[in-house]
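Since the structure comes first, as structure tokens, the remarks are kept for the end.
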Amino acid sequence: MKVAIVGYGKFAPKHLEVLRALECDVVAACNRSEAGRTKAIEEGKIPRAYATIGELIANEKPDGILCTA
């Protein structure tokens with residue numbers, strides 16, 4: 001299942017851990033701030049990050065989206 005994460009705050013790493021344990025393919029993240037996008041890529045090992053949800057959906061077409069903090 002292709003999953004994307006919206007928001008990359010202090011709880012996101014735990015959500016990632018659970019998604020990956022469930023064998024979800026975390027394909028992208030979305031964050032308004034460039035710092036949040038960089039953190040998702042570097043710390044979360046998420047391959048791509050977008051500034052808007054619309055951009056993320058158009059490019060990735062995920063099966064599910066998790067909104068996190």
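The values are calculated or read from the model by the stated rules, or taken from the named source; none is laboratory data. Everything numeric in this text was worked out from a predicted model, so none of it was measured. Virtual Cβ from ideal backbone geometry, glycine too; neighbours counted across all protein chains shown.
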Kindly provide the set of residues from the range 1-57 that are part of a strand (DSSP E or B), surrounded by 20 or more Cβ atoms within 10 Å (Cβ to Cβ) and of a type outside the set (F, W, Y), ordered by number. V3, A4, I5, V26, A28, A29, C30, A49
Right, K10: more than 12 Å from the chain's Cα centre (by Cα) and at pLDDT below 95 or not? yes
Scanning the range 1-15 for residues that are among the aliphatic types (A, V, I, L, M) and within 9 Å of T68 (Cβ to Cβ) gives I5, V6, A12
